[in-house]
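For reference, the structure is listed below as structure tokens.
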Amino acid sequence: METKSIIIPTLQQIVEENELTLKDNALMVLLNQDPPKKWLKIHPMTKGDYLPIERVEYLLSRIFNKWWVEVRDSKIMANSVVVTVRLYVINPITNSEEWQDGIGAMAIQTDKDKGAMDWNFAKADGVMKAAPAAETYAIKDAAEKFGKLFGKDLNRKEIIEYSSLLKNPTKWNQE
């Protein structure tokens, strides 16, 4: 079994700027902008802000052009459907395939005032409704890992600013 040695970059290599790193930094800055406030909605259960799936899909299409989802797993856990996905995108700078994993869950509805774990009172269409909702949450969870634009830092107290990555912020935005 052959092992490859890992080459640790020097500080100079990390801070070195060339056309590719500048474009990559510009993409990172774009992905880490706050989503437009008018796109945000108040979540009915958590009462916090969230970015609806239609906006997430729109952003994926506009930024990456080509993206797709692979459902990796789905199962019943406690009283919920749990779905894990892999969200693939084509990096617009390198034209390479990248991915992020996501997980989502949605409770299976039961009759009013009945226990969540009492399967005798589960709605007939409970799994049919919970499974796609869990998949949506999983896609959103994966997309958030690409950056703030997808809702990564919504409702967080501490945030990191990425705009310092651009030496000349307007140079790459004009191309």
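Points to keep in mind about this one:
- Difference of contour (0.36 nm per residue) and Cα-Cα distance, ASN155 to TYR58: 32.8 nm
- Inter-label distance, ASP73 to ILE103: 0.8 nm, where each label sits 7 Å from its Cα along the C-beta direction.
- Arranged from fewest to most other beta-carbon atoms within 10 Å of their beta carbon, THR84, THR94 become THR94, THR84.
- Cα-Cα over 27 Å, subset of LYS123/LYS152; LYS23/LYS47; LYS114/LYS157; LYS114/LYS140; LYS75/LYS140: LYS123/LYS152; LYS23/LYS47; LYS114/LYS157; LYS114/LYS140
- Loop sites by DSSP among the trypsin sites (Lys or Arg not before Pro) of the chain, restricted to those with at most 15 other Cβ atoms within 10 angstrom, leave 67-111 as the longest stretch without any of them.
- In a reduced charge model with +1 at each Lys and Arg Cβ and -1 at each Asp and Glu Cβ, the chain shows a dipole moment near 540 debye about its Cα centre.
- FRET E, pair LYS129, THR10, Förster distance 45 Å, beta-carbon r, rounded to 0.05: 0.25
- For the chain, adding -39500 (n - 2.57) for each run of n ≥ 4 DSSP H residues and dividing by the number of residues yields -9500 deg cm²/dmol at 222 nm.
- Spin-label model distance (nm) - GLU2 vs ASN18, 7 Å beyond Cα toward Cβ: 2.5 nm
- Given in Å, the Rg to one decimal and the Dmax to the nearest whole number for the Cα atoms of the chain are 20.2, 65.
Read-outs: derived from the displayed coordinates by stated rules, not from any lab. All figures in this text were calculated on a predicted structure; none of them were measured in a lab. FYI the Cβ positions are ideal-geometry reconstructions off the backbone, even for glycines, and counts take in every protein chain you see.
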